[in-house]
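Each remark here refers to the structure printed beneath this line.
The values are calculated or read from the model by the stated rules, or taken from the named source; none is laboratory data. Since the model is a prediction, treat every value here as computed from it, not as a measurement. Glycine gets a Cβ as well: all are built from the backbone with ideal geometry, and neighbour counts include every protein chain shown.
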Amino acid sequence: MTDIQIFDPRLQRILNPDSRLEQLCTGAEWGEGPVWIGEQSCVVWSDIPNNRMLRWSAEEGLSVFRQPAHFSNGNYRDREGRLVTCEHGRRCISRTERDGRVEVLVDRYQGARLNSPNDLVVKSDGSIWFSDPAYGIMSDREGYLAESEQDGCHVYRFDPLSHELSRVANDFEKPNGLAFSPDETLLYVSDTSASHAEDGCHHLRVFDVLDGRRLVNGRLFAVIEPGLPDGFRVDQQGWLYVSSQDSIQVYAPDGCLLGKILVPEKISNCTFGGAEGNRLFITASTSLYAITLNTRGCQS
Ligand code: MG
């Protein structure tokens, strides 16, 4: 039986007798950025230090999806089903076209190179919202050692039609994961700067989305312990599934920690998928895990 800690009885709503954590495969060095590809019934994610992307399906198991992969990190699908990827190596957001070409969408803000885009989410209007911490240029382990050309680590919105890139938040230390509420009136963003400074942040903030394109009224949503809130997802009822050192922490939109799904490896990211959309796939260090829940993701 999976070890699930219940702090609030509401958590029972998403649990059923099949809610059992499974290790699907292992062999990554550090996995991040899982995305569900429904047409192929597979998960694709990044194994950053090995500069490759991996693929897992129930039928075919584990295989290499792309290598080299420009030290890819976060992945998402746009409204046309194309894979959109954060790349540390080219310090860009790329998109995989239907013919297989991998095209750079954006790699500069006001003429200066981005740091190393980390994670992203695509809004229903097609705009791409992403974080740009410096992890991919701090060493040659997850990218290429380089100087930052930006004045900090910020959050951006990119419109792939107009090619307009705008900063939507500039008061983070190390912005990382992002997710919208189901109605897209809120954007949650994590800050993981505590991994490099004892007094850094390891929390989630939430913003109001104004006019569908700006962020206002940023405030603390939850401090995540132990470890760091890297990537996370929101389900259809607005609950958050947040990575941490030892578990997926489940939060209600009011900030209440409802419970924890314990995972035996340090967690980076998670995403909903499966034929019914009710499987939570979890990248945790070397392995891919999944658990079936009584809920579905609100985004792809
Ligand atoms: Mg991340």
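Observations on the model:
- Qualifying positions in the range 234-250 - in a strand (DSSP E or B) and either of a type in the set (A, V, I, L, M, F, W, C) or surrounded by 24 or more Cβ atoms within 10 Å (Cβ to Cβ) (or both): Val234, Leu240, Tyr241, Val242, Ile248, Gln249, Val250
- Of the residues contained in the range 212-232, none is found to be touching a Pro at 6+ places or on another chain (Cβ under 6 Å), assigned to a strand (DSSP E or B) and either of a type in the set (Lys, Arg) or modelled with pLDDT of 95 or more (or both).
- Residue that is nearest to the chain's Cα centre (by Cα), among those in the range 177-192 that are polar (S, T, N, Q) and within 11 Å of the ligand (Cβ to nearest atom): Ser190
- The requirement of being closer than 20 Å to Asp230 by Cα, among the basic types (Lys, Arg) and either surrounded by fewer than 20 Cβ atoms within 10 Å (Cβ to Cβ) or within 16 Å of the ligand (Cβ to nearest atom) (or both) is not satisfied by Arg66.
- Residue among Ser72, Ser19, Ser46 that alone is more than 16 Å from the ligand (Cβ to nearest atom) and among the hydroxyl-bearing types (Ser, Thr, Tyr): Ser19
- The residue that is farthest from Asn278 (Cα to Cα), counting only those in the range 203-222 that are aliphatic (A, V, I, L, M) and loosely packed, with under 13 Cβ neighbours inside 10 Å, is Val216.
- Subset of the range 141-172 [among the aromatic types (Phe, Trp, Tyr) and free of Cβ contacts under 8 Å to residues at least 12 places away in the same chain]: none
- Filter pass, Asp246 being away from the ligand (no atom under 14 Å from the Cβ), among the acidic types (Asp, Glu) and within 19 Å of the chain's Cα centre (by Cα): yes
- The residues on offer are Ser268, Ser287, and the sole one that is small (Gly, Ala, Ser), within 20 Å of Met53 (Cα to Cα), surrounded by 23 or more Cβ atoms within 10 Å (Cβ to Cβ) and touching a strand residue (DSSP E or B) at 6+ places or on another chain (Cβ under 6 Å) is Ser268.
- Residue selected from the range 86-99 under the condition charged (D, E, K, R) and more than 16 Å from the ligand (Cβ to nearest atom), by the criterion nearest to the chain's Cα centre (by Cα): Arg95
- Boolean, Asp125 is out of contact with any helix residue (DSSP H, G or I) (no Cβ under 6 Å at 6 or more places or on another chain), within 14 Å of the ligand (Cβ to nearest atom) and closer than 30 Å to Asp183 by Cβ: no
- Count of residues meeting criterion [in a loop (DSSP other than H, G, I, E, B) and of a type in the set (A, V, I, L, M)] in the range 121-139: 2
- Just one of (1) more than 23 Å from Ile93 (Cα to Cα); (2) aromatic (Phe, Trp, Tyr); (3) more than 16 Å from the ligand (Cβ to nearest atom) fails for Tyr241. It is (3).
- Hits in the range 108-156 (condition: of a type in the set (Val, Ile, Thr) and over 21 Å from Leu187 (Cα atoms)): Ile137
- Qualifying residue in the range 100-120 (condition: assigned to a strand (DSSP E or B) and either among the hydroxyl-bearing types (Ser, Thr, Tyr) or within 13 Å of the ligand (Cβ to nearest atom) (or both)): yes
- Only one of Gly255, Gly259 that is among the small types (Gly, Ala, Ser) and either out of contact with any helix residue (DSSP H, G or I) (no Cβ under 6 Å at 6 or more places or on another chain) or within 16 Å of the ligand (Cβ to nearest atom) (or both): Gly255
- Of the residues Gly227, Gly231, the single one that is within 16 Å of the ligand (Cβ to nearest atom), surrounded by fewer than 24 Cβ atoms within 10 Å (Cβ to Cβ), among the small types (Gly, Ala, Ser) and within 23 Å of Trp45 (Cβ to Cβ) is Gly227.
- Selection within the range 22-43 - among the acidic types (Asp, Glu) and either more than 16 Å from the ligand (Cβ to nearest atom) or more than 19 Å from the chain's Cα centre (by Cα) (or both): Glu22, Glu39
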